[in-house]
Amino acid sequence: MNEYQKYLEQFKQDLQRLSEQTISDIRDILMDKSIVYQYKRTNEDIVVYLFEYDFELLDLTFYGLDKNLSQYTEHISIPSKFPEKDWKTITRNSIYSFESEKTMKRYDDNVDQDESRLYDSYFDEKNEAFENWFFDCWKEASQGIELQKGMYFSIHDTGDRIDLSTMTEVSEEEIVRRLE
């Protein structure tokens with residue numbers, strides 16, 4: 001097993017350890033138990049729920065938008081609790097250090113094609129594992145809950161999102177059209 005595979009397996013194990021808390025957090029959001037509203041807004045004012053993640057650390061956050069796509073909830077980090085005191089992001093520090101080292105080496109040195117393929121494959125597999133894990137958590141958390149808002153998942157600051165009701169990709173323009 002090469003070091004990329006070792007860290008990928010560790011990441012997948014970490015995701016499984018975070019599943020129960022993540023499912024609970026998503027369920028609390030969907031049942032309006034954990035959302036903090038801003039500017040005297042209420043759940044009735046919110047029409048879109050966004051679950052977004054950071055591309056590097058894969059930090060997952062939730063926030064709600066009104067019909068004008070203005071944010072009127074505080075961000076909620078998911079999972080809200082980690083199983084260990086020094087574990088604060090979905091991608092652990094040890095894994096992030098490995099990734100940073102490989103990224104710097106890739107850009108500072110001339111790495112061979114095999115190393116470059118391993119690097120690209122690692123990040124593709126990691127992101128796919130993360131997205132599939134989130135979708136599994138979503139399905140479990142939303143089971144039995146009637147969803148009456150637009151629910152979307154994406155990388156932070158991108159225009160295309162996954163509609164969590166249909167599991168299809170939609171553009172930001174399509175989301176706006178749905179709200180009209």
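FYI, it's all coordinate maths here, none of it is from the lab. Keep in mind it's a predicted model, so treat the numbers as computed, not measured. Virtual Cβ from ideal backbone geometry, glycine too; neighbours counted across all protein chains shown.
Given H placed on each backbone N at 1.01 Å, which residues far from residue 51 in sequence or on other chains put an amide H within less than 5 Å of it?
Result for residue 51 returns 152, 153, 154.
Would you work out which of 75, 100, 89 lies farthest towards the positive end of the dipole of the chain, given +1 charges on the beta-carbon of Lys and Arg and -1 on that of Asp and Glu, about the Cα centre?
75
Each residue of the stretch 168-175 in order: what ³J(HN,Hα) in whole Hz does its phi give by Karplus 6.51 cos²θ - 1.76 cosθ + 1.60, θ = phi - 60°, with x for Gly and Pro?
Rounded to whole hertz, the list is 10, 7, 9, 8, 4, 4, 5, 4.
Any idea what angle helix 93-108 forms with the longest principal axis of the chain, computed on alpha-carbon atoms, 0 to 90 degrees, nearest 10?
Around 60 degrees separate the two axes.
Using Cα pairs under 8 angstrom and six or more residues apart, how large is the relative contact order of the chain, in percent? Show your work: numbers first, answer last.
On the way: 207 pairs, mean separation 48.1, N = 180.
This gives 27 percent for the chain.
Treat every Asp and Glu Cβ in the chain as -1 and every Lys and Arg Cβ as +1, leave all other atoms uncharged, and give the resulting dipole magnitude about the Cα centre to the nearest 20 debye. Write out the running numbers ahead of the final one.
On the way: 22 positive and 40 negative charges, 146 e Å.
Approximately 700 debye in magnitude.
Whole-Hz ³J(HN,Hα) for each residue in the stretch 150-161, computed from phi via Karplus 6.51 cos²θ - 1.76 cosθ + 1.60 with θ = phi - 60°, x for glycine and proline: what do you get?
Values, residue by residue: x, 10, 9, 9, 6, 5, 4, 6, 10, x, 9, 9 Hz.
Would you mind getting me the FRET efficiency between residue 101 and residue 20? Use the beta-carbon distance for r and R0 = 25 Å, nearest 0.05. Walk me through the intermediate numbers first.
Values: r = 31 Å, r/R0 = 1.25.
For R0 = 25 Å, the calculated efficiency reads 0.20.
For the chain, take the longest principal axis of its alpha carbons; what is the angle in degrees between that and the long axis of helix 113-142, to the nearest 10 within 0 to 90?
Result, in degrees: 30.
Suppose every K and R has +1 on its Cβ and every D and E has -1 on its Cβ; what is the size of the dipole of the stretch 120-177 about the Cα centre, in Debye to the nearest 20? Numbers along the way, then the final one.
On the way: 5 positive and 15 negative charges, 67 e Å.
Dipole of the stretch 120-177, to the nearest 20 debye: 320 debye.
Percent of Cα-Cα pairs more than 22 Å apart in the chain, please. Spell out each step's value before the answer.
Working: 8080 of 16110 pairs.
Summing the P(r) of the chain above 22 Å gives 50 percent of all pairs.
Does anyone have the angle between helix 3-30 and the longest principal axis of the chain? Alpha-carbon axes, 0 to 90°, nearest 10?
Helix 3-30 sits at roughly 10 degrees to that axis.
Compute the length gained on full extension between residue 158 and residue 38: take 0.36 nm times their separation in residues and subtract their Cα-Cα distance, giving the result in nm to one decimal. Let's see the in-between values first.
Working: separation 120, 0.36 × 120 = 43.20 nm, distance 2.38 nm.
Taking 0.36 nm per residue and subtracting the Cα distance, the gain is 40.8 nm.
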